[in-house]
Each structure stands twice: as C-alpha cells, then as structure tokens.
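Below: the structure, in structure tokens.
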2 protein chains.
Amino acid sequence: MDNNSRAVGVFDSGLGGLTSVRELKRLLPDEKIIYFGDTGRVPYGTRSPEIITKYALDDMSFLSSFGVKAVLIACGTVSSVALEALQKHFSIPIMGVVSSAAKKACALTKTKRIAMLATPATVRNKAYEREAAKIDSTVSLMGIGCPMFVPLVENGYVGSDCEVTRMITDEYISKLSDFSPDVIILGCTHFPIIRDIIADSARRILGEGISIVDSGAEAAISVKSFLERNSMLNHDAHIAGTEFYVSDETHNFEQSASLFLGENIKSVTKIDIGDYMFAKNVTL
Amino acid sequence: MDNNSRAVGVFDSGLGGLTSVRELKRLLPDEKIIYFGDTGRVPYGTRSPEIITKYALDDMSFLSSFGVKAVLIACGTVSSVALEALQKHFSIPIMGVVSSAAKKACALTKTKRIAMLATPATVRNKAYEREAAKIDSTVSLMGIGCPMFVPLVENGYVGSDCEVTRMITDEYISKLSDFSPDVIILGCTHFPIIRDIIADSARRILGEGISIVDSGAEAAISVKSFLERNSMLNHDAHIAGTEFYVSDETHNFEQSASLFLGENIKSVTKIDIGDYMFAKNVTL
C-alpha cells in the first residue's frame with residue numbers, strides 16, 4: 001500500500017467530532033477517514049484530567065492499530081487536556097482543535113477580547129489561554145464552562161425554537177456581558193450543532209458584530225494544510241470513504257450521526273475499547 | 001469477624017444512589033455501608049443493555065472484594081437491565097430497586113394506572129411492567145424516558161424556582177395526560193432530588209391526589225427487612241459508618257454528595273475500576 005493512501009484517524013468522546021469529519025470530507029474528498037466515537041464512555045468534558053487522558057490513550061491505541069498516517073483529535077476536551085500526553089506516547093502526527101481555533105480567533109479580534117465556550121474540563125485546563133498568549137500577548141481570553149450543551153445536543157434539543165436551550169444559552173452568554181468579547185470560540189465539537197442559537201443569544205445579549213469560530217472546522221483546515229505541506233495527500237480516488245467505529249451499540253449512533261454529519265451513514269462497527277487499553281502503569 | 005458485622009454494599013453509576021444511602025443510614029444506623037459510585041463512566045441510563053451489564057459486573061466485582069454480606073443496586077438502570085446477570089454470577093444476596101417500588105405502587109393505586117419516570121434504558125427494558133404484572137395483572141404501567149433529568153440534577157438545576165427544570169419536567173409529565181395515573185414511580189435514584197418540581201408539575205398537569213413512590217427509599221426498606229428476616233443485622237455499634245469509593249476524582253463527588261446525602265461526607269477514595277474488570281468472555 002502506498003504510504004499516502006493510509007487513512008486519517010479522527011476521534012471524539014462520542015458524536016461531536018462528526019462536525020469536524022463533515023469539514024474534512026468537504027476539504028479532502030479523496031482521503032480515507034477512520035472515525036472512532038467512544039460512546040461507551042461519553043461524556044469526557046465533566047471528568048478529571050487523569051481519566052480523560054487515560055481514555056484518550058485507549059482511543060489512540062485503537063486508531064493506531066489501523067496504521068493511520070495522521071490523527072485529528074476532534075474533541076475539544078481531549079485536545080485541551082491530553083494532546084501532549086498523546087504526542088509523547090505515539091509517533092504519528094496528532095493534531096488537536098485548540099491551536100488552529102486560537103490562531104483564527106486572534107486574527108479576527110479587533111478588541112483583543114476573545115470568549116471561549118467549552119466543557120468544564122476544557123475551561124479549567126486553560127489550553128486556549130496559553131495558546132492565545134503565544135500568538136498575541138495583548139489578547140484576553142475568557143472561558144465559560146457550558147456543561148449542559150452536550151446533553152442538550154445529544155438529546156436533540158437543537159431546534160432554533162427550542163426554549164430550554166435558548167434559556168441555558170442565555171445563562172452562559174450573560175456571563176460574558178462585562179467582558180464584552182468580539183469573537184466567540186466554540187471550543188467543543190458538539191456546539192456547532194446549536195451555532196444559530198448561540199449566535200442569536202450573543203446578538204441579543206452582547207450586541208452585533210460578534211464573530212464565531214468553530215474549532216472543529218478550523219482543525220479540519222489545519223489537517224489539510226499539514227498533509228499538503230508534508231506531501232501526504234492521497235491521490236488514489238478508490239481509497240476515499242469513511243469508516244465509523246463506536247464503543248457502544250451502533251443503532252443510536254447511526255440515528256444521531258446524520259444530525260452532526262449532515263448525511264446518512266451506514267456500516268458502523270462496534271468495538272470493545274477494553275481491548276485497546278493503554279499500558280496501565282504509564283506515567284501520564 | 002462476626003459474619004453479621006460485614007458491610008452492606010451499595011452501588012450506582014454515580015451520585016444518585018446516595019439518596020438510597022440516606023434512607024439506609026436512617027433505617028439501619030448500626031450497619032457499615034460501602035458505597036461505590038462509577039463516576040468515571042457515569043451516566044449508565046443512555047447506554048446499551050450490554051454495556052450497562054458489563055459495567056455493573058465490574059462494580060459488583062469491586063464490592064464483592066470487601067466480602068460484603070448483601071448488595072443494594074441503588075441504580076434504577078442497573079436494577080432494570082442487569083439484576084439477573086448479577087445474581088447469576090455472584091452468590092451474595094443482591095437487591096435492586098424495581099420490585100419494592102412496583103409493590104408499593106401497586107398497593108397505592110386505586111385507578112390501576114401507574115406511571116414510571118426513569119432513564120431511557122430502564123423504560124426500554126420494561127422490568128417495571130413485568131414486576132407490576134406479577135403483583136396485579138389488572139394494573140397498567142406507562143414508562144416515560146427522562147434523559148435530561150440526570151444531567152440537570154448533576155449540574156445543580158434542582159431549585160424549585162429553576163425554570164429550565166420545570167419546563168423539561170412539564171414536557172415529560174404532559175406525556176401522561178391521556179394515561180392519567182394516580183401513582184408516579186421515580187424509577188431513577190437521581191430523581192428524588194427534584195421530587196418537589198415533579199410533584200408540582202404532576203399537580204398542575206394531571207391534577208391533585210397523585211402519590212409519588214421513591215424507588216431508592218423503598219429499596220432501603222426492603223434491605224432492612226431482608227436483613228431482619230435472615231438474622232443478618234449487625235449489633236456491634238463500633239462497626240457503623242459509611243465508606244465511599246469512586247472511579248474518578250473525589251473532589252467533585254465530595255462537593256455534590258452533600259446534596260444527595262443531606263450531610264457532608266469525608267474520606268472518599270478513588271479506585272481504578274479497570275482493576276476489577278469482570279471476565280471478558282462471560283456469557284451475559
């Protein structure tokens with residue numbers, strides 16, 4: 001097999017990463033993509049850094065068993081908490097969603113005030129603050145933990161007329177009133193599904209002219225330029241396609257995935273993530 | 001060690017089971033209780049029966065390592081989905097929350113229409129329907145899946161003035177309008193935390209005079225009578241007390257546990273549930 005025809009691996013705690021896959025497929029239609037959603041252990045964003053890192057190492061072990069040429073961590077929480085641990089233990093190129101989103105937000109902001117909505121674990125970790133400071137030390141970044149967004153999205157409370165999601169979004173966005181950002185990063189790959197509700201709430205509470213950065217979509221652009229820069233693009237069109245693997249039953253995943261991916265999917269395979277458990281005594 | 005001085009084991013996917021522990025401590029103040037909350041893999045109620053059973057077998061393996069004299073499954077989902085599998089693989093007496101709640105509800109209903117609010121996995125499983133039919137074949141039981149209640153409770157949306165929880169509760173209770181029950185079983189041990197909101201919604205939407213059955217509290221009463229009937233009560237007052245174990249960091253658990261238990265707790269120990277993984281190839 002030609003080295004470049006190896007697949008690109010993508011993983012997330014569950015369904016959210018499919019919003020990145022949608023972008024990847026659009027930008028790189030010739031690539032083979034292998035997606036893993038750890039639906040048997042979702043959600044990650046309310047767990048401790050230690051558990052998140054442990055689960056992410058298992059996920060990488062699974063993807064690396066396919067001999068993938070690069071991996072996109074399509075999960076804001078893992079990208080923030082465990083990127084370095086993954087890069088330390090695996091020699092495959094691994095990209096998260098943080099640096100490309102921070103770069104885009106720093107390029108867009110005029111007031112130098114950037115907000116970032118994410119899971120509690122991502123906010124606590126402060127990876128976005130560190131990344132933004134590297135790019136532009138005059139930027140202030142404020143993270144808002146949004147623990148209800150993942151359950152709301154996973155349970156289908158996503159319509160623009162959904163009163164409950166609007167109220168919870170208003171509650172989160174109101175915390176930004178004093179800070180008054182001009183850019184909001186969606187730091188979790190579930191959040192683009194309710195982008196319209198978030199944008200509407202921001203407009204009503206914070207005012208017009210706020211840019212929204214989708215971290216998963218920005219990361220897909222980074223993957224494309226990485227493959228281009230390193231002459232790693234696949235040119236064999238027969239290879240193209242996406243394989244889906246999950247760690248719980250496939251039925252629920254198939255049903256919800258269309259919402260995230262914007263198309264119907266078939267052939268989802270269930271695996272036992274316990275079979276890919278990373279060495280227990282590794283120093284994280 | 002006197003055989004009766006062995007602890008009573010209690011487990012749940014996370015925090016919910018502590019509402020049962022509160023009742024157990026009140027009814028059996030001399031008993032030693034060992035509680036395990038699988039916080040590293042919570043929630044269970046939106047997962048498949050296979051994964052729920054697998055996790056429950058691990059949880060039982062952990063509790064049985066203490067030589068407990070009996071186990072209360074203080075989790076509606078595990079009680080509905082995995083009780084028989086646990087009883088098949090462990091010789092310790094194991095009690096779930098379903099049969100005692102069904103018995104209480106059948107005793108209370110006059111109209112023979114009982115509603116049951118629980119996680120989607122519990123509703124799909126129909127354990128409550130089977131149990132109620134055994135007690136009184138003239139009873140109809142209607143289960144309503146309430147997937148948002150666990151995240152709402154775990155994220156503190158529990159105050160009686162909480163508009164979001166009220167709206168979601170009204171959405172679930174409205175599904176019972178045509179059925180018009182006179183008893184509502186809280187089939188998940190998280191739900192007693194928002195009992196007042198549920199009762200208020202039922203009063204407004206379904207009318208006065210509806211009885212609410214708390215499955216975790218009923219199960220605690222069953223544990224007491226089981227120990228009495230089998231002369232297994234502990235009489236050594238030095239033994240009394242509760243030990244808490246979790247599979248993710250202890251800090252969050254300590255903070256939230258007071259809400260469920262109604263008192264502050266200390267000395268929570270984190271364990272690696274991967275160390276207690278039940279034999280992989282067992283036939284479930």
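Cβ-Cβ distances below 9 Å connect the following pairs, each with a first residue in the range A:246-260 that is more than 10 Å from chain B (Cβ to nearest Cβ), a second residue that is acidic (Asp, Glu) and in a helix (DSSP H, G or I), and a separation of six or more residues or different chains: A:Ser256/A:Glu154. Every residue in the range B:159-169 that is in contact with an Asp or Glu (Cβ under 9 Å, 6 or more places away or on another chain) and more than 8 Å from chain A (Cβ to nearest Cβ), please. Once the filter is applied, which keeps residues that are in contact with an Asp or Glu (Cβ under 9 Å, 6 or more places away or on another chain) and more than 8 Å from chain A (Cβ to nearest Cβ), the range B:159-169 yields B:Ser160, B:Arg166, B:Thr169. Set side by side, the residues B:Ser222, B:Ser211 differ, and just one is touching a residue at least 24 places away in the same chain (Cβ under 8 Å) and not assigned by TED's automatic domain parsing to the domain that holds B:Leu152, which is B:Ser222.
Can you go through B:Arg124, B:Arg47, B:Arg113 and tell me which one is among the basic types (Lys, Arg) and crowded, with 24+ Cβ neighbours inside 10 Å?
B:Arg47
Of all residues in the range A:67-91, which are touching a residue at least 60 places away in the same chain (Cβ under 8 Å) and more than 16 Å from the chain's Cα centre (by Cα)? Result: A:Gly67, A:Val68, A:Lys69, A:Ala85, A:His89. Looking across the range A:209-238 at every residue that is within 20 Å of the chain's Cα centre (by Cα) and outside any helix (DSSP H, G or I), the one that is surrounded by the most Cβ atoms within 10 Å (Cβ to Cβ) is identified as A:Val213.
Residues are listed down the side, and each one gets a yes or a no for (1) among the basic types (Lys, Arg); (2) in contact (Cβ under 8 Å) with a residue 12 or more places away in the chain; (3) over 30 Å from A:Asp30 (Cβ atoms):
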| position | (1), (2), (3) |
| --- | --- |
| A:Asp161 | no, no, yes |
| A:Met167 | no, no, yes |
| A:Glu171 | no, no, yes |
| A:Lys175 | yes, yes, yes |
| A:Val183 | no, yes, yes |
| A:Phe191 | no, yes, no |
| A:Arg229 | yes, no, no |
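Inside the range B:121-148, residues that are in a helix (DSSP H, G or I) and facing chain A (nearest Cβ under 10 Å) make up a count of 0. Determine if the range B:239-259 includes at least one residue that is surrounded by 13 or more Cβ atoms within 10 Å (Cβ to Cβ), under 24 Å from B:Gln87 (Cβ atoms) and of a type in the set (A, V, I, L, M, F, W, C). No, the range B:239-259 has no match at all. Of the strands (runs of 3 or more DSSP E) lying entirely inside the range B:1-114, those containing at least 1 residues that are within 14 Å of another protein chain (Cβ to nearest Cβ) and of a type in the set (Gly, Ala, Ser) are B:32-37.
Exactly one residue out of A:Gly14, A:Gly9 is under 16 Å from the mean Cα position of the chain (by Cα) and at pLDDT below 95: that is A:Gly14.
The values are calculated or read from the model by the stated rules, or taken from the named source; none is laboratory data. Keep in mind that this is a model prediction, so the values were computed, not measured. Please note: Cβ atoms are built from the backbone with ideal geometry, for glycine as well, and neighbour counts cover all protein chains shown.
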